[in-house]
Amino acid sequence: MIKVKDVSKVYGKKEGMFTALENINLTIPDGATLAIVGKSGSGKSTLMHVMSGLDHITAGSIIIDGKELAKLKPKAMDRFRATEMSFIFQSFFIEPNQSCYQNVMLPLEIAQVPRKKRREMVKDALLDVELESKIDTDASKLSGGQKQRLAIARAIVNKPSLIFADEPTGNLDSATGDKIMDLLFELNKTLGSTLIIVTHDHDLAARCKMQVRIKDGKIESMKGFK
Amino acid sequence: MYFRDVVKRGSRSLRASKLRTLLTALAIAVGAFVLSLTLAASNGLHDYTGKLISNNFDPSELIVGRDKTIGSGSAAGSDPQEYDDSISTVSVGAKSSVQVKRITEAEAEGLRQKPYVEKVRENFQITIRYITREGQKKYTGGAEPYNPSQKPELGAGAVPSGGDIKTGSVLLPEVYVKLLGFQNDQDAIGKTIQVDIQQPFSTESLKALLTSNQTAAQLANSEAVKAKDQVFSYTIAAVTKKTATSLAIGVEPIRISSTDAREVYDFSAKGTTDYNKYLFVSVQVKDGADAAKLNAAEDNLRSEGFYVQSSKDLQKTITQFVNILTIMVGVFGFITVIASVFGIVNTQYISVLERTREIGLMKALGMARGEISQLFMIEATWIGLLGGALGSIAGIVTGIALNPYLTKKLDLGAGNSLLIYRPLQMALLIAALMLVATIAGLLPARKAAKLDPIEALRTE
Ligand SMILES: Nc1ncnc2c1ncn2[C@@H]1O[C@H](COP(=O)(O)OP(=O)(O)OP(=O)(O)O)[C@@H](O)[C@H]1O
Ligand SMILES: [Mg+2]
């Protein structure tokens, strides 16, 4: 369960000060699917970053599974991120001059998964995104959609309990985008992973059981919350 | 991340930018090349001086004298010393001379009586007029008593495996073989040569003349006023080649037995002021191969006011010189390495900037700061390994290519090389360069570790 309590995020100081998030309160149960929607620049990515502990908050608190992120030691935070969370970024952030295998293996190396298990896990993840034939191909040789699928394979290889996705279909045509979303929802069903998706695609948002609309750093409306 | 995975990732990202890696490594390679060459030359010189000493000096022998220049290995002291009869003048070069306190025959005899002394060899200085052979021209030359601890290379004939050569025999340097009309080295063996020695006009002969009551006219025709000389005949036992480790200056001297040397010396020096006074004598210590016994003998001799030099002291003096040279050249190599350090720092900084996104991603995925900095330091270590290996290989190849030429040019003698590479030394050199490279990678690695993942991921 993720609890976001009175969270504010302010960038800069004095004249250059900008309030990106203001008084956000959310409770997301385990296994939920949440869509964060809103106009460009409204603070969606910022919210996702602070929820995952990638960015620091200015006020309030974020509690995941009873642990307050701001109070975790760096080591514990790293460990938590390596084993429990994964990310799909707005721009894929894959390493072009490494093979698909190397790209997907990175989270396993970081989480210190035993060497023998790795290849099987990478294969499974690539199979899920239908890239199994490209396992030893350099990532730079993939098409845009394939790259995004590779990023997703990297996000699911460790079977995380929490997946953050920032515009996962933003760069894809609708057919491919749908396929990828199917995959993420499938993972939510089979593994019970919590899915937090930033998007401005209405159809995609509609597939999530919970939705929150952000406007100018504030919650404008919420749907599906108890 | 496991250390092994860090190492693999590091080497992979280096391979991704091969040219840059290679160029950075080349800077270290230059340093490694200079340093490996310096080490090799130092090895070669140390080996060579070792051979030089062991081919010319018996380690159980001590050089014992009365002048303090013998103990210090330096030039004559600048402070005046008290004069006594044992002091004589020795010319040094063409224009200068020094006064040297000599060791007398009586003192040498005293040394012979000591319980720890096996043998004492006087350093006879023999001046000869010429060397010749029946029916041949006369040639200049020098003579020396045979030194059993010298290992002359023989063209023909033989010397005893230990001890002195036979009385009446001579070792003839190869240069005389053709001059004296022999067909070859072998042809000279068993033949006889003549050596002419001149007797100085001694005080005794002067006294004899003055008390002989002869008139001036009689004196002018008298045999007594003419310089006397005598021809000594020796049988050639062996022909010696000039070896690279010989210490002889100019033409190699002929070598005769110590008994013959004594006879010739008596003939040529008796009556002169320096007769039976030697610059030094060689004292062979009983069981002198045992360092403890040799040291005890040295201490005893010093306590009696002798100046002593062992072959070890001599080697130390030469080695010191070699070491200074090595350090001087080594400093250049070191400077090159320092310069290459900046290359590594620069390359790694650029690498961190280029891979800001990758670093951000790794951090977002939970890679610890320490692991990130390890990754970049390992990359620097790899560059150090590559540079060190390239430089050392270049050095070894240079050694293989240059050694035959250098050996010939520097007249080191067959079997001696100037550049000697030792595997352990090379391994240590490479390890040291890897360490230096790793330290150079420290700063960029810290920068990478400190990157804020959000900032890093924002860069498009
Ligand atoms: N480091 C920063 N310093 C100052 N302002 C920032 C910083 N990062 C983000 N912002 C501002 O915060 C606001 C929210 O940004 P955010 O990236 O969360 O928007 P978004 O909703 O994800 O937009 P998009 O849909 O275009 O991705 C923006 O106005 C942005 O300019
Ligand atoms: Mg965004």
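If the condition is being within 16 Å of ligand 2 (Cβ to nearest atom), over 23 Å from residue A:176 (Cα atoms) and either in contact with an Asp or Glu (Cβ under 7 Å, 6 or more places away or on another chain) or within 14 Å of chain B (Cβ to nearest Cβ) (or both), then the range A:188-226 contributes A:213, A:214, A:217. Taken over the range A:182-205, the criterion of being closer than 24 Å to residue A:1 by Cβ and away from ligand 1 (no atom under 16 Å from the Cβ) is satisfied by A:184, A:185, A:186, A:187, A:188, A:189, A:190, A:191, A:192, A:193, A:194, A:195. Inspect the range A:66-89 for any residue being within 16 Å of ligand 1 (Cβ to nearest atom), open to solvent by 70 Å² or more (accessible area, probe 1.4 Å) and charged (D, E, K, R) and give the result as yes or no. The answer is no; no qualifying residue exists.
Is one or more of the residues making up the range A:105-123 at positive phi and facing chain B (nearest Cβ under 8 Å)? Scanning the range A:105-123, I find at least one residue that is at positive phi and facing chain B (nearest Cβ under 8 Å), so the answer is yes. A Cβ distance below 7 Å, combined with a sequence gap of six or more or placement on separate chains, defines the contacts here; from the range A:35-64, residues that are open to solvent by less than 40 Å² (accessible area, probe 1.4 Å) reach residues that are polar (S, T, N, Q) and more than 9 Å from ligand 2 (Cβ to nearest atom) in the pairs A:35/A:199; A:35/A:211; A:37/A:199; A:37/A:211.
Suppose we keep only residues that are out of contact with any Leu (no Cβ under 7 Å at 6 or more places or on another chain) and among the polar types (S, T, N, Q) within the range A:24-53. Which one would you say is farthest from ligand 1 (Cβ to nearest atom)? Ranking the qualifying residues of the range A:24-53, first place goes to A:27. Here residue A:185 meets the list (1) within 12 Å of chain B (Cβ to nearest Cβ); (2) farther than 25 Å from residue B:371 by Cα; (3) aromatic (Phe, Trp, Tyr) almost entirely, failing just condition (1). Set side by side, the residues A:131, A:150, A:108, A:126 differ, and just one is open to solvent by less than 10 Å² (accessible area, probe 1.4 Å) and more than 30 Å from residue A:65 (Cβ to Cβ), which is A:131.
Inclusion of residue B:344 among residues that are buried (at least 22 other Cβ atoms within 10 Å of the Cβ), within 14 Å of chain A (Cβ to nearest Cβ) and aliphatic (A, V, I, L, M) is not warranted. Residues of the range B:357-388 that are away from every other protein chain (no Cβ under 11 Å) and either open to solvent by 30 Å² or more (accessible area, probe 1.4 Å) or touching a Ser or Thr at 6+ places or on another chain (Cβ under 6 Å) (or both): B:374, B:377, B:380, B:381, B:382, B:383, B:385, B:386. Counting residues in the range B:180-190 that are assigned by TED's automatic domain parsing to the domain that holds residue B:240, among the small types (Gly, Ala, Ser) and open to solvent by 30 Å² or more (accessible area, probe 1.4 Å) gives one or more. All but one of (1) more than 16 Å from ligand 1 (Cβ to nearest atom); (2) of a type in the set (A, V, I, L, M); (3) at pLDDT 85 or above hold for residue A:175; which doesn't? Tallying (1) more than 16 Å from ligand 1 (Cβ to nearest atom); (2) of a type in the set (A, V, I, L, M); (3) at pLDDT 85 or above, residue A:175 fails exactly one: (3).
Only one of the numbered conditions (1) open to solvent by 90 Å² or more (accessible area, probe 1.4 Å); (2) at pLDDT 85 or above is violated by residue B:455, and that is (2). Per the listing A:33, A:19, the residue uniquely farther than 27 Å from residue A:147 by Cβ and of a type in the set (Ser, Thr, Tyr) is A:19.
The values are calculated or read from the model by the stated rules, or taken from the named source; none is laboratory data. Predicted model, so just to flag it, every value in this text is computed and none were measured. Methodologically, a virtual Cβ is constructed for each residue, glycine included, from the backbone with ideal geometry; neighbour enumeration extends over all protein chains shown. SASA here: full protein model, heavy atoms, side chains in, ligands and nucleic acids out. Shrake-Rupley method; radii C 1.70, N 1.55, O 1.52, S 1.80 Å.
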